[in-house]
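A.B. asks: Let me give you the structure first, and then I'll get to my questions.
The values are calculated or read from the model by the stated rules, or taken from the named source; none is laboratory data. These numbers were taken from a predicted model, which means no experiment stands behind them. All Cβ positions, even for glycine, are placed from backbone atoms using ideal geometry, and neighbour counts span all protein chains on display. SASA here: full protein model, heavy atoms, side chains in, ligands and nucleic acids out. Shrake-Rupley method; radii C 1.70, N 1.55, O 1.52, S 1.80 Å.
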Amino acid sequence: MPISEITGILHAALIAASPIALGAYCGVFCERAGVVNIGIEGMMLTAALTSQLTAQYIGSRWVGTPLEPWGLVLGSIVGIVTGMLLGALHAVLSIRFRVDQIISGTVINIGAIGVTGALYNVFLAGGIAGGVPVSPGTFPVIRIPVLRDIPILGPVLFENQPIVFATLLITIATHYVLFYTPWGLRTRSVGEHPRAADTLGVNVYAMRYANVIIGGALAGLAGTWFTLEWIGVFNLLMTGGRGFISLAAMIFGKWTAFGSFGAALLFGLAQALQIKVQVVGSAIPFQFLVMAPYILTMLVLAGFVGRATPPAADGKVYEK
């Protein structure tokens, strides 16, 4: 296979891995603090819509003005805030009201489907486009001089859109924060032994609230990727189960940033390869090729769930 094709597949894998990695980091922050979050899919989906609506209805008013490039930035900010709000909702339900965390996450997922469907029909399908959603555009590709000329790795790592670059930086930052800062130590302590952490003066409730909201912000950024960096327009159920794949990546990565990123790249590579095979042509029906990333998810879960050990207090309600 020519080097250019290898580079193209690796680049496509990195792009496809970005929202999965961000969703996995959402799970890492939440579960390291002792809160299970299966609502990542709903957070992504809702943020994808709100970022689209903001960029389309508010950002579009700045077209032709010096503020035009900031429409997409504003949309991204709203998407992140949407994720934070849903993270706060999940935190309140599971920490304050002690709702079963699986149920709380499921409510967010189901609610997101209903809310985004209703808003889509009102503001996009029947909105200013007269029945056809208008794309506010997508972030441009940023090419870093000199570094982009490195063989193979240059085009893969240094020719990307902003959220992909942000994912790479967030990967490093997440690892550093969790394992080399007092915040990370407190986070891991409330996820492993909250009673011991409490006796040492760590506010267990505050740490769990904060980490779940941080996780929501990362899920919101992942949702923003779908509309403002990938397709450019919101579609119903466009996240396609990537929130759940993120959870598989988190488990496969053993609740670490670098491990989760590697797992996300594996899923991204599966998606890139199935697209490549479809383009080249194959006797295998395309429906089976599209299934490849999801089959890989099931195989990973079947092989690693029993072996991976979550934080000791993960999913357990803490009471003083």
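A.B. asks: I'd like to know which of His11, Cys26, Ile142 lies farthest towards the positive end of the charge dipole of the range 1-153, counting +1 on Cβ of Lys and Arg and -1 on Cβ of Asp and Glu.
C.D. replies: Of the listed residues, the answer is Cys26.
A.B. asks: Another one. Check each of the chymotrypsin sites (Phe, Trp or Tyr not before Pro) in the range 1-101 and keep only those in coil by DSSP with at most 11 other C-beta atoms within 10 angstrom; list them in order.
C.D. replies: Values: sites: Tyr25, Phe29, Tyr57, Trp62, Trp70, Phe97; in loops: Phe97.
Here the sparse-neighbourhood loop sites are Phe97.
A.B. asks: Can you compute the charge dipole magnitude of the chain about its Cα centre, using +1 on each Lys and Arg Cβ and -1 on each Asp and Glu Cβ, nothing else charged? Give it in debye, rounded to the nearest 20.
C.D. replies: On the way: 16 positive and 12 negative charges, 110 e Å.
Here the chain has a charge dipole of around 520 debye.
A.B. asks: If you average the sequence gap of Cα pairs under 8 Å that are 6 or more apart and divide by the length of the range 155-245, what percent do you get for the contact order?
C.D. replies: Here the relative contact order equals 19 percent.
A.B. asks: Same structure, new question: May I ask you to evaluate 6.51 cos²θ - 1.76 cosθ + 1.60, the Karplus curve with θ = phi - 60°, for each residue of the range 44-57 and list the ³J(HN,Hα) values in order in whole Hz, giving x for glycine and proline?
C.D. replies: Couplings: 4, 4, 5, 5, 4, 6, 5, 5, 5, 4, 5, 5, 6, 8 Hz.
A.B. asks: Let me ask something additional. Could you compute the net charge surrounding Gly191? Neighbours are other residues with a C-beta less than 15 Å from the C-beta of Gly191; K and R count +1, D and E count -1. Provide the component values of the computation, followed by the final result.
C.D. replies: Details: positive: Arg32, Arg186, Arg188, Arg195, Arg208, Lys254, Lys316; negative: Glu31, Glu192, Asp198, Asp314.
Taking every Cβ under 15 Å from that of Gly191, the sum is +3.
A.B. asks: Follow-up. When only C-alpha pairs under 8 Å and at least 6 residues apart count, what is the relative contact order of the chain, in percent? Don't skip to the end; give the middle numbers.
C.D. replies: Working: 571 pairs, mean separation 115.3, N = 320.
The value is 36 percent.
A.B. asks: Please work out the average accessible area per residue across the chain, using the 1.4 Å probe convention, and give it in Å².
C.D. replies: Dividing the accessible area of the chain by its residue count gives 45 Å².
A.B. asks: Quickly rank 36-43, 193-200, 293-300 as a protection proxy: mean count of other C-beta atoms within 10 Å, highest first.
C.D. replies: On the way: 36-43: 28.8, 193-200: 15.0, 293-300: 16.8.
So the peptides 36-43, 193-200, 293-300, ranked by packing, come out 36-43, 293-300, 193-200.
A.B. asks: Okay, next question. Between helix 70-91 and the chain, what is the angle of the helix's C-alpha long axis to the longest principal axis, kept within 0 to 90° and rounded to the nearest 10?
C.D. replies: The angle comes out near 30 degrees.
A.B. asks: Go ahead and set up a Gaussian network model of the chain, Cα springs under 10 Å, then flag whichever of Ala91, Ala249, Ala292 fluctuates most.
C.D. replies: Taking springs between Cα atoms under 10 Å, the residue moving most is Ala292.
A.B. asks: Can you find, among Gly114, Ala173, Trp255, the residue farthest towards the positive end of the dipole of the chain? Put +1 on the C-beta of Lys and Arg, -1 on that of Asp and Glu.
C.D. replies: Trp255
A.B. asks: Under a plain spin-label model, where a point goes 7 Å from the Cα along Cα-to-Cβ, how far apart in nm are Ile3 and Arg148?
C.D. replies: If labels sit at Ile3 and Arg148, their model points lie 1.8 nm apart.
A.B. asks: Roughly speaking, to the nearest percent, how much of the chain's 1.4 Å accessible area is carbon and sulfur?
C.D. replies: On the way: 10520 of 14520 Å².
That fraction is 72 percent.
A.B. asks: In debye, nearest 20, what is the charge dipole magnitude of the range 123-217 about its Cα centre with +1 on Lys and Arg Cβ and -1 on Asp and Glu Cβ, if you could check?
C.D. replies: Details: 6 positive and 4 negative charges, 35 e Å.
Here the range 123-217 has a charge dipole of around 160 debye.
A.B. asks: Sticking with this structure for a sec: Show log10 I(q)/I(0) for the chain at q = 0.12, 0.13, 0.14 Å⁻¹, two decimals, from a solvent-free Debye sum over equal Cα scatterers.
C.D. replies: -0.83, -0.96, -1.10
A.B. asks: Once amide H atoms are built 1.01 Å from N in the peptide plane, which residues 5 or more positions from Glu159, or in another chain, come under 5 Å H to H?
C.D. replies: Amide H neighbours of Glu159, under 5 Å, 5+ apart: none.
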